[in-house]
Amino acid sequence: MSPVEELHSAILAKGNEIKEMKAKQASKEALKPFIDELLALKDAYKEANGGVPYETPVAPNKKVDKEAKVQPERTGPSKKDLQKAAKKEKRAAAKAEAKKGGTHGNGGTVNAGVGRDILIPNPTRARPNMQEDTVFFSPGRPPLVTHATTLLTKSTVTFVPHAVASAPEGMLEPQLFLVDGTSLFGDLAIARFLARRSASPEHQALTGGSDVLLTSEIDQWLDFVQQYHMALAEEEAKGMCANLNAVLELRTFLVGFQLSLADAAVYTFLQTNRFMGHIAGLPHLSRWFDLITDSAPEIATASSRVAAVRGKAGAARGGGEEAGGLGGGDTGSCPPLEGAVEGQVVTRFPPEPSGFLHIGHAKAVLLNDFYARHYKGKLIIRFDDTNPSKEKDEYEESIVADLASLGVVGDRVTHTSDYFEDFEKMARKLVEDGHAYMDNTPQEKMQEERLNRQESVNRNNSVVDNLARFEAMLKGEKEYCMRVKIDMTSVNGTMRDPVLYRANPQPHHRTGTKFKAYPTYDFACPVVDSLEGVTHALRTTEYNDRDEQYYFLQDLLGLRRVKIQSFSRMNFVQTELSKRKLTWFVEQGLVEGWNDPRFPTIQGVLRRGVSVEALRAFILSQGASRRTVLMEWDSFWSINKKGYEHSSPRYMAVFADSCVPLQVENGPESRQDAGAAISIPLHPKRPELGSRVLRLANVVLLEGQDAEGLTEGEEVTLLRWGNVKILSVEKDPATGRVLRVRGRHNAAGDPRATKLKLSWLADVRDKVPVVLTEFDYLISKKKLEEGEDFKDFINPVTKAESLGWADPALRNLKRGEVVQLERRGFYICDRPYMGPEKGVVLFMVPDGRSKAMSTLSGALKHV
Ligand SMILES: Nc1ncnc2c1ncn2[C@@H]1O[C@H](COP(=O)(O)OC(=O)[C@@H](N)CCS)[C@@H](O)[C@H]1O
């Protein structure tokens with residue numbers, strides 16, 4: 001049944017219910033909620049039916065109703081139904097035409113029998129009068145390629161998001177209405193149209209122009225995107241990226257020798273389906289991705305702008321102000337940058353590509369990004385790649401992907417290795433001028449001497465000897481390193497002749513074997529900050545001691561001074577952030593990998609259900625204070641929950657192994673009764689999110705835990721349906737456990753008068769299998785004391801999976817989407833529905849409370 005048909009049946013059923021109540025002389029007060037429901041159903045019908053309102057049958061056709069009840073189950077509409085539907089459609093179309101200017105329509109829908117509506121172009125839908133070309137779209141399915149094409153072709157098109165009744169978020173295709181009343185639907189069809197109607201040959205070339213082969217090749221890619229627009233499983237996504245990489249090995253663009261809609265469609269597809277992690281390790285695909293980002297920024301802009309409508313990614317750079325109340329005239333909890341001048345501030349985020357980014361890094365990059373944006377300046381993303389023993393391309397690529405998922409786009413991406421030649425020259429000059437010397441004191445001894453403020457025996461060697469040893473070091477000779485002469489008597493240990501250069505024969509991931517000695521962090525940071533025009537270097541407070549040395553070196557080398565502004569490191573209870581310790585967890589197999597949802601990596605926390613907006617708001621609300629605090633996860637999760645409270649649609653699910661059937665004596669026979677569904681809002685307090693179909697049945701599944709608490713004769717409320725009087729509770733004589741329950745729906749019952757409000761699920765054939773997954777902390781102790789080894793505090797059980805049954809609508813859930821399961825909490829989809837044996841994998845998103853949202857207990861402590 002299509003949503004329109006379902007609503008039609010629901011209206012009939014509700015009307016009959018009201019008639020029955022009236023016959024029983026029900027009071028006006030008792031009737032009111034039913035009449036309200038009927039009106040709401042009619043509104044939903046009108047919206048789903050292209051603006052054409054529900055038509056009350058001229059004479060109530062009791063015969064048809066009767067037929068509906070005894071009709072055998074069938075797989076498709078009968079000829080008679082089709083003729084009737086065709087007549088009805090004709091009538092509706094004629095009405096809609098006459099009524100031009102009404103609500104926009106949605107295209108026709110055909111039900112595939114699995115609850116998913118497949119759209120067909122419907123030329124007869126209602127056509128509103130538009131002042132300008134307008135694309136209506138569901139926020140769950142933003143028309144990214146259309147948006148990119150409007151930017152590329154400079155077309156004037158208005159985009160209007162709308163919530164759609166009777167269809168879950170993301171189900172409806174975008175629809176373009178032209179000023180002349182004609183319309184088109186589907187992201188790719190609209191994009192093609194916009195390119196083709198442009199007068200410019202350059203824009204027409206986006207679809208292949210008049211070249212038939214090119215056009216077809218482009219179409220081939222568009223078909224491909226169309227086919228896979230739903231989220232793919234992890235392995236499939238990986239394989240697909242590998243194939244794309246192979247295709248792009250010898251190509252600059254996907255088709256021909258210039259940008260086309262094929263590039264735009266595949267780019268937006270990859271960007272919005274979280275493929276970035278897979279792209280990272282693939283050189284040709286990465287190169288192509290970067291090329292499109294740079295050469296057609298309209299495409300990236302479209303993706304990030306529309307993603308913002310969807311509420312998933314952070315705002316695109318350059319637009320608007322921060323979330324979380326920051327921005328505007330002041331810097332909120334982030335102190336102003338000293339001496340900052342609007343338009344001239346340059347900040348930088350300098351990760352070492354030696355591991356995956358974690359939430360501590362997120363703090364550093366979001367603060368740098370915030371200041372750059374606040375002062376209308378620039379942000380540099382600099383890979384601090386001075387240690388070839390630890391760094392890899394793979395890490396660099398994962399960092400790029402993680403920054404993209406945080407919505408951070410640097411104005412420049414640089415590498416410390418871009419300056420290796422400059423370093424060599426500067427270091428040689430320091431040696432020549434007697435400011436630096438070569439030292440072969442063993443590492444431990446050197447440390448001891450520095451601690452005791454003792455000079456090395458090499459401190460006063462001749463420049464000639466030092467120069468010879470310096471050149472040997474550059475060739476990879478490891479015996480001597482270069483130290484700068486500062487002050488061995490200084491109270492600041494970092495001023496006691498720090499090491500600035502040392503040999504490392506390992507090939508570098510970017511420069512290969514060209515260099516065999518590398519600057520240390522102490523040397524690299526002040527030099528590159530100054531050379532790159534950084535005005536404010538934000539560093540965590542553990543570097544404070546190094547500030548003096550940083551300025552000393554800039555002065556010694558005659559470089560412009562950069563202002564340092566420090567902020568505290570971010571640490572969380574029961575969480576390790578060190579790359580070394582996180583690697584241990586991966587190597588021990590205690591987690592799935594770096595993107596494990598128990599890990600504090602960016603990939604891990606996003607997978608666990610952290611929203612980028614919440615992360616940003618949390619970090620910026622903490623600000624750039626220097627006070628080091630150990631954060632509680634609870635306060636973070638409760639900020640995270642706030643966003644979802646308003647935006648996530650609500651459904652119900654029950655545990656599969658303990659659920660108990662409740663036979664509702666007067667409930668509808670789900671497979672045969674046309675009234676076996678009602679329309680309810682996706683979110684009871686947010687009608688603008690639209691509505692959905694709630695399936696009813698004469699057998700519904702209750703949580704076992706709830707069934708145990710039922711007593712005969714009491715009235716309970718089945719959430720969103722109404723009251724049921726419990727007639728009997730049958731128990732297993734051996735165990736005393738409830739086996740089944742019988743009840744009767746009481747349409748006139750008052751939900752406010754019942755004690756128990758139960759979640760439930762119609763026991764329908766297409767209910768969806770789900771895996772409800774909960775996680776605990778990897779570390780069992782809140783704060784490890786000095787000397788305590790984290791390995792002694794490993795939580796033995798940190799993951800629990802329970803099988804469940806959920807609302808049929810969850811069949812359409814995509815990876816990364818968050819729903820609320822009533823009385824359970826928020827869940828993020830980690831794997832979409834892939835068949836009866838591979839149900840939807842849902843991860844519980846903590847909400848900051850130690851208990852789950854209700855008396856329903858989970859499999860683990862709720863963290
Ligand atoms: N836990 C943390 N809280 C805040 N900021 C952090 C945290 N951990 C690291 N950082 C900052 O991120 C960048 C990059 O760190 P990385 O360890 O990859 O690299 C370096 O520390 C040096 N390449 C550059 C130091 S300025 C850095 O700013 C950290 O302070």
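Coordinate-derived values only; no laboratory data. Just so it is clear, the model here is predicted, and its values are computed rather than measured. Backbone-built Cβ (ideal geometry, glycine too); neighbour counts: all protein chains shown.
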Worksheet item: Fewest to most neighbouring Cβ within 10 Å: what's the order for 776, 223, 807?
Response: 223, 776, 807
Worksheet, complete the sentence: Residue separation between residue 158 and residue 627 times 0.36 nm, minus their alpha-carbon distance, gives in nm 164.1 nm
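Would the range 407-454 count as rounded, prolate or oblate if I go by the C-alpha gyration tensor, calling it rounded below 1.5 in a/c and otherwise prolate when a/b exceeds b/c, oblate otherwise? All intermediate terms of the calculation are to be shown ahead of the outcome.
Numbers: a/c = 3.69, a/b = 1.73, b/c = 2.13.
Oblate shape, in that a/c is at least 1.5 and b/c is the bigger or equal ratio.
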Fill in: For the range 219-226, Karplus couplings with θ = phi - 60° (6.51, -1.76, 1.60), whole Hz, Gly/Pro x
4, 4, 5, 5, 4, 4, 5, 4
Worksheet item: Of all DSSP beta bridges located in the range 500-597, what percent are antiparallel, nearest 5?
Response: 45
Worksheet item: What nm value, rounded to one decimal, do you get for the distance between residue 452 and residue 766 when each label is placed 7 Å out toward the C-beta?
Response: 8.1
Response to the item:
Ranked from fewest to most other Cβ atoms within 10 Å of their own Cβ, 149, 773 fall in the order 773, 149
Response to the item:
In terms of the alpha carbon gyration tensor, root eigenvalues a ≥ b ≥ c, rounded if a/c is under 1.5 and otherwise prolate when a/b exceeds b/c or oblate, the range 567-614 is oblate
Item to complete: Subtract the Cα-Cα distance of residue 789 and residue 459 from 0.36 nm times their separation in residues, and report this length gain in nm to one decimal.
Response: 114.9 nm
Worksheet item: What FRET efficiency do you get for residue 251 and residue 566 if R0 is 35 Å and r is their Cβ-Cβ distance, rounded to the nearest 0.05?
Response: 0.15
Discussion item. Could you sort the peptides 439-450, 736-747 by per-residue average Cβ neighbour count (10 Å cutoff), highest mean leading?
Written reply: 736-747, 439-450
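Could you give me D for the range 423-489, from Stokes-Einstein at 10 °C and 1.306 mPa s, where the hydrodynamic radius is the Kirkwood radius over C-alpha pairs? Units µm² s⁻¹, please. Can you show the working numbers first?
Numbers: Rh = 12.1 Å.
The calculation lands on 131 µm²/s.
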Discussion item. Sorting check: for 612-618, 498-504, which peptide has the highest mean count of neighbouring beta carbons within 10 Å, and how do the rest follow?
Written reply: 612-618, 498-504
Worksheet item: Taking square-rooted eigenvalues a ≥ b ≥ c of the alpha carbon gyration tensor, is the range 415-543 rounded, prolate or oblate, where a/c under 1.5 means rounded and, failing that, a/b exceeding b/c means prolate?
Response: oblate
Discussion item. Sorting check: for 581-590, 406-415, which peptide has the highest mean count of neighbouring beta carbons within 10 Å, and how do the rest follow?
Written reply: 406-415, 581-590
Worksheet item: So how much slack lies between residue 492 and residue 471, counting 0.36 nm per residue of separation and subtracting their Cα-Cα distance, in nm?
Response: 4.5 nm
Item to complete: Post the alpha-carbon centroid distance, the range 466-529 to the range 335-350, in whole angstrom.
Response: 29
Worksheet item: Tally Lys/Arg at +1 and Asp/Glu at -1 over every other residue whose Cβ is under 10 Å from the Cβ of residue 516; what's the total?
Response: +2
Worksheet item: Which stretch or stretches of the range 440-482 have amide N atoms under 13 Å from the point lying 7 Å from residue 513's Cα along the Cα→Cβ direction?
Response: 476
Worksheet entry | Of 378/425; 579/799; 731/755; 24/46, those spanning more than 24 Å from alpha-carbon to alpha-carbon | 378/425; 24/46
